[in-house]
Amino acid sequence: MAQRRRRKNRRWLGKILFLMLVAAAIIVCYFVWDSYFKNKETEVPAKEPSEVVQVVEEKEPEKKAETIEKEKVEQYDGEDPNTASSLTGAVTYAGVIGGELVIRVNIDQYLAGGECTLSLLQDGAVVYTDTVEIIDSASTATCAGFNVLKDRLGSGDTGIRIELNADGKNGVIAGEVEL
């Protein structure tokens, strides 16, 4: 009798384990399957601007000009800065971070080399000077960056003057920072 019960219990135990494995496999498949198709639904294939215009032309011809205007992006107003006789730009960041005065500059022209010379002025006198190289990017350029220990400088209004020299052209970028 005892052997019969053990065999019966083993069968039930085997059936329960089998059902638990099947249930676990179904749950795993559900989550994997669900996340796989959710990712596929949210991915939108990139369209070329001409494809967008074609779709608009077929469905709503009166919106064609509006769609083309939205796709057209002008980088600069006015003339191409690369043809200007002098270099231009702006101080994009000037502030104290961790005991250093950090200055970052963007140059409007594309340049493949050159140098930026920083002069910091306090009370009309130059208190610090440094020179770094110009680094090119896709359509503009930037100075490599200036990090000046704040201990080298006094406090108060500090004038920023950056002289740009590259490709036989010169320019000056000016700014101010409170220390």
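Scanning region 146-159 for any residue that is in contact with a Cys (Cβ under 9 Å, 6 or more places away or on another chain), without any contact (Cβ under 8 Å) to a residue 60 or more places away in the chain, under 20 Å from Thr83 (Cα atoms) and in the same structural domain as Gly89 (by TED's automatic domain parsing) turns up nothing. Quick check: anything in region 79-90 surrounded by 11 or more Cβ atoms within 10 Å (Cβ to Cβ) and either assigned to a strand (DSSP E or B) or modelled with pLDDT of 95 or more (or both)? Within region 79-90 (the criterion being surrounded by 11 or more Cβ atoms within 10 Å (Cβ to Cβ) and either assigned to a strand (DSSP E or B) or modelled with pLDDT of 95 or more (or both)), the answer is yes, since at least one residue qualifies.
The values are calculated or read from the model by the stated rules, or taken from the named source; none is laboratory data. Quick caveat: nothing in here was measured; it's all calculated off a predicted structure. Heads up, the Cβs are rebuilt from the backbone with ideal geometry, glycines too, and the neighbour counts pull from every protein chain shown.
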